[in-house]
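In what follows, a single structure is set out as structure tokens and then discussed.
Just so it is clear, none of the values below were taken in a lab; they were calculated from the coordinates. Quick caveat: nothing in here was measured; it's all calculated off a predicted structure. Positions of Cβ are backbone-derived with ideal geometry, glycine not excepted, and every protein chain shown enters the neighbour counts.
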Amino acid sequence: MKEVQTFRPRLKVLGKQQVDAIHASALEILATMGVKMEHPGALAMLKNAGCEVFNEDWVKIPAELVEAAIKTAPKKFTLYDQNGNPAMPLEDGNSFYGTGSDTNFTIDVETGERRPTVIADVANFAKLVDGLDNISFNMSMANAQDVPVKDIYIHAFVAMVKNTNKPMVFIADSGRDIAVIHQIASAIAGGEEKFRAKPFMLNYSEAISPLRFPETIVDKLIFCAQKGIPLCLPSGSNAGGGAPVTLAGAMAMGIAENLAGLVIHQMTNKGAPFLFGPNVSVLDMKSAVVSYGCPEWSLSQAALADMRDELYGIPTWAYAGASDSKVMDAQAGAEAAFSIYSAMLAHANVIHDMGYLEYGSTSCLEMVTMANELVAMSRFFAGGIPVNDGTLALDALKRVSGTPGSMFLMDDHTFEHFMEAQFTPKLLDRSRYDAWEGAGSQDMYKRCNVEAKRILDEHEMEPKSKEVLEQIDNIVSK
Amino acid sequence: MSDYKALQEAVLKGDIKTALEQTQKAIDAKDVARDVLDNGLIPAMDEMGDRFAKGVAFVPQMLRAAKTMQECVKLLQPLFAEGDITSKGKVLIGTVKGDLHDIGKNLVAMMLEGAGFTIVDIGVDVSPDKFVEKVKETNPDIVGMSALLSTTMPAMPETIEALKTAGLRDNIKIMIGGAPVTEKYATQIEADSYASDAGSAVAKAKELLGIS
Ligand code: B1M
């Protein structure tokens, strides 16, 4: 039989026509309304490039500059692990999932209670991520209340690198702590140039919707461009709050903000890696919270993946595996599954916030553990159906139908293929009732709790060398 | 006294045009401005607050009703008698130093305004000194501080300290809020009040000033 390619299921929500219209609107925003650029250096750079500066620090950015930045931004790049191995090739709509940043509370894995987060939580989440196969990158998951607030992001970073070797997305407050974090990263990579060649971390900074670029944020943006630290710059263009309530408008504005950041980024260092996309969630009109479980965010990031494929080519930033529920219940499962699955089918690239509860206020180890399983399930689905002689299995059918009393279960074809032909869940329970009851009648939350604790107990991350650890301590104590 | 049903309906619908017409009608009928406010507009807003609390009205409807009411108050303004207090009190509000989140702060400000308070919004990333300066300048009853980041919460006690040093603390009530802020924290830093959302911020502000 002639070779048949496997079709990769793909969710598409925008066609070329819609993509062009949204892009045109973003260009119009930049060229006619401009952005508020509070960074004098960046403002001067834009002015020199021919942009019109008005009202002190507002600047209009013409389409040519934007198109030039889109052109020079890399269309693919790789995030490495901390040992220098390629881990996340961001190309071809590859999807990678990871945790989220700064929550104020966590669900205690021992007591099940919601309590303020401490630095030990950052370490635990990192360790869990290190031990979970389908979670590709790590974020802090906690805003620790037991470390000096001034250096909170440095402490979080150290706790992370001491507990995982996976790629990371990190947060910094300003130009000061990001420089320290970069020093630590360089120590781990074996020098600044080695880090630049094989970056293992991505900075998460945010412009402010509508259309505002504070100085500290642009400081970080320029620092990352210079040092070759990949970064994303998703403004919080939540529909109805920071952005128009209609998704097209929120996207156009968020994309305009991203493009303005990209222009400065590429002017600073052409070809430096940039991850594209705003966070277009919604401001819930009853509770006034920014939702972390709504279909709108999933829809807008699927649309963004279409914009990537039709136009920009630049890998995208996305979210999934989070919930607005206060506990890990059916709502949390439904919202996590919906967002994970749609992000995968949309071929979004770097997907964060796995394991958030309570609209990003609370983190939950069990939720990360469940999300890990849901990613596996979605990945299986997104793999599509391979069609070839082996999978069409006419030989097997011939054998089985020719043997009275036989069935496929005992055929060699089943033995040889069942592992890849089927999705085998680990935590989603399919046991018979009595077996389930015999094992303690555990629900999903409980099973994830047991599994999270097991990983925290048993998983051993490959330790960093003594020298690296010493260097880190030296940098921090300076 | 006229029947304010049509006016109230217009406020609840956020129909500014009709509300203004109805207010004008009351003015033409020589209604006392104070009555239009107390028996017409305020009960409508109370009803809206009730609907919102019950989850049958949404934030934009609430804000639109508040705006409608404000437009009507503007029309009434020249007619208020001397001594008519049309403001429930003055609230100075800002997001603390280092913090750029303002959606929550803005919402709190709008709700307070809708409930009849006068608002002085001094923006985001407001330093303790700037709070002091603005308090001196505007003489508010309540100072509201918002912080969304753990890293910026310490700016709250710093601001309170600065207000104390400037000798202004005793003249004002302090209310704080924002996602990482708690009741306990408010007690700890000796703020007078904490509110978890915009609705309760209104209730707390009234409580602080002993009004209903
Ligand atoms: C005076 O009396 C009162 C009384 C009540 C008061 C009050 C004052 N103030 C508030 N309230 C209360 O009433 C309001 C109305 O009901 C409520 O206000 P809220 O603000 O809670 O509610 C609003 C109506 C809607 N909610 C919001 O607007 C906040 C939503 C989330 C998603 C959020 C947003 C939108 C943003 N963010 Co930021 N952001 C998050 C938020 C996560 C979340 N889901 O809450 C949070 C707050 N952010 C966080 C972080 C880390 C950051 N953010 C940052 C930036 C931003 C954006 C600019 C992108 C954007 C803000 C845009 C803007 N104009 O405000 C950065 C900091 C920038 C800075 N220096 O301020 C940055 C550091 C991220 C970065 N990578 O740089 C986290 C804080 C963690 C922590 N404990 O410190 C965070 C919880 C998200 C997370 N889980 O990581 C109540 O809190």
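Round to a whole angstrom and tell me the spacing of the C-alpha centers of segment B:102-179 and segment B:1-65. Each part's Cα centre sits 30 Å from the other's.
The phi torsions of segment A:189-203, fed into the Karplus equation with coefficients 6.51, -1.76 and 1.60 and a -60° offset, translate into couplings of 6, x, x, 4, 5, 5, 5, 4, 6, 9, x, 10, 9, 10, 8 Hz, rounded to whole numbers, with Gly and Pro shown as x. Remark on A:S363: its backbone amide H falls under 5 Å from those of A:F105, A:T106, A:I107, A:L357, a criterion applied only to residues 5 or more positions apart or on other chains, H modelled at 1.01 Å from N.
Packing here is the average count of other Cβ atoms within 10 Å per residue, and on that basis the peptides A:360-373, B:60-73, highest first, run A:360-373, B:60-73. In chain B, the longest principal axis of the Cα atoms and the axis of helix B:155-165 are about 90 degrees apart. Quick one: net charge of A:L231's neighbours, Cβ under 11 Å, K/R +1, D/E -1? Spelling it out: positives minus negatives among the neighbours equals +1.
Between the amide H of A:F170 and those of A:L202, A:N203, A:Y204, distances stay under 5 Å, these residues lying 5 or more places away or on another chain, with hydrogens modeled in the peptide plane.
How much length, in nm to one decimal, is gained on full extension between A:E462 and A:A179, taken as 0.36 nm per residue of separation minus their Cα-Cα distance?
On the way: separation 283, 0.36 × 283 = 101.88 nm, distance 2.61 nm.
So the extension gain works out to 99.3 nm.
Considering only B:L79, B:L112, B:L41, the mean-square fluctuation computed in a Gaussian network model of chain B, springs between alpha carbons under 10 angstrom, is largest for B:L79. Take chain B, connect every pair of alpha-carbon atoms lying under 10 Å apart with a spring to form a Gaussian network, then pick out the residue of B:A19, B:A57, B:A201 with the largest mean-square fluctuation. Sorting by GNM fluctuation, first place goes to B:A57.
Against the main long axis of the alpha-carbon atoms of chain A, helix A:215-227 sits at an angle near 70°. In terms of its Cα atoms, the protein assembly as shown spans 100, 62, 53 Å along the principal axes, sorted from long to short. Counting only DSSP H runs of at least 4 residues, each contributing -39500 (n - 2.57), and dividing by the residue count of chain B, the helix-based mean residue ellipticity at 222 nm comes to -15000 deg cm²/dmol.
Return the subset of B:K30/B:K90; B:K5/B:K67; A:K426/A:K446; A:K36/A:K150; A:K286/B:K54 for which the Cα-Cα distance in this structure is over 21 Å, preserving the input order. Those over the limit are B:K30/B:K90; A:K36/A:K150.
Size of the dipole of chain B about the Cα centre, Lys and Arg at +1 and Asp and Glu at -1 on the beta carbon, nothing else charged, in debye to 20? List each step's numbers first, then the result.
On the way: 24 positive and 31 negative charges, 41 e Å.
Charge dipole of chain B: 200 debye, to the nearest 20.
Summarising the amide proton neighbourhood of B:F58: residues at separation of 5 or more, or on other chains, whose placed amide H is nearer than 5 Å comprise an empty set.
Where nothing but the Cβ of Lys and Arg (+1) and of Asp and Glu (-1) is charged, how large is the charge dipole of segment B:5-73 around its Cα centre, in debye to the nearest 20? Provide the component values of the computation, followed by the final result.
Values: 10 positive and 11 negative charges, 40 e Å.
Charge dipole, segment B:5-73, about its Cα centre: 200 debye, nearest 20.
Treating only the Cβ atoms of Lys and Arg (+1) and Asp and Glu (-1) as charged, compute the dipole magnitude of the protein assembly as shown about its Cα centre; round to the nearest 20 debye. Working shown, then result.
Numbers: 65 positive and 90 negative charges, 170 e Å.
Computed charge dipole of the protein assembly as shown: roughly 820 debye.
When both segment A:269-324 and segment A:149-222 are represented by their alpha-carbon centers, they are found 21 Å apart.
Note on A:K466: aspartates and glutamates with a C-alpha under 20 Å away, same-chain residues under 8 apart excluded, are A:D81, A:D130, A:E192.
A straight chain from B:K13 to B:K136 at 0.36 nm per residue would run longer than the Cα-Cα distance by 40.4 nm. The helix-based estimate of mean residue ellipticity at 222 nm for chain A, built from -39,500 (n - 2.57) per DSSP H run of four or more residues and divided by its residue count, is -14000 deg cm²/dmol to the nearest 500.
Ranking B:V124, B:L100, B:G167 by how far each Cα lies toward the positive end of the dipole of segment B:90-209 (charges on Cβ) leaves B:G167 at the top. Of the residues B:A195, A:M139, A:T362, the one whose Cα sits farthest toward the positive end of the charge dipole of the protein assembly as shown, with +1 on the Cβ of Lys and Arg and -1 on the Cβ of Asp and Glu, is A:M139.
Per residue of A:239-250, how many C-beta atoms from partner chains lie within 10 Å of its own C-beta, taken as a mean?
Counting Cβ atoms of other protein chains within 10 Å of each residue's Cβ and averaging gives 1.
With angles folded into 0 to 90 degrees, how steeply does helix B:59-76 sit against the dominant principal axis of chain B? Use alpha carbons for both and round to 10. Taking the Cα atoms of chain B, the angle to B:59-76 is about 60 degrees. The local environment of A:P425, defined by Cβ-Cβ distances under 11 Å, has a net charge of +1 under the rule Lys, Arg +1 and Asp, Glu -1. Ranked by the mean number of other Cβ atoms within 10 Å of their residues, highest first, the peptides B:45-54, B:117-126, B:93-102 come out as B:93-102, B:117-126, B:45-54.
Partner shielding of A:282-288 amounts to 5, given as the average count of beta-carbon atoms from other chains within 10 Å of each residue beta-carbon.
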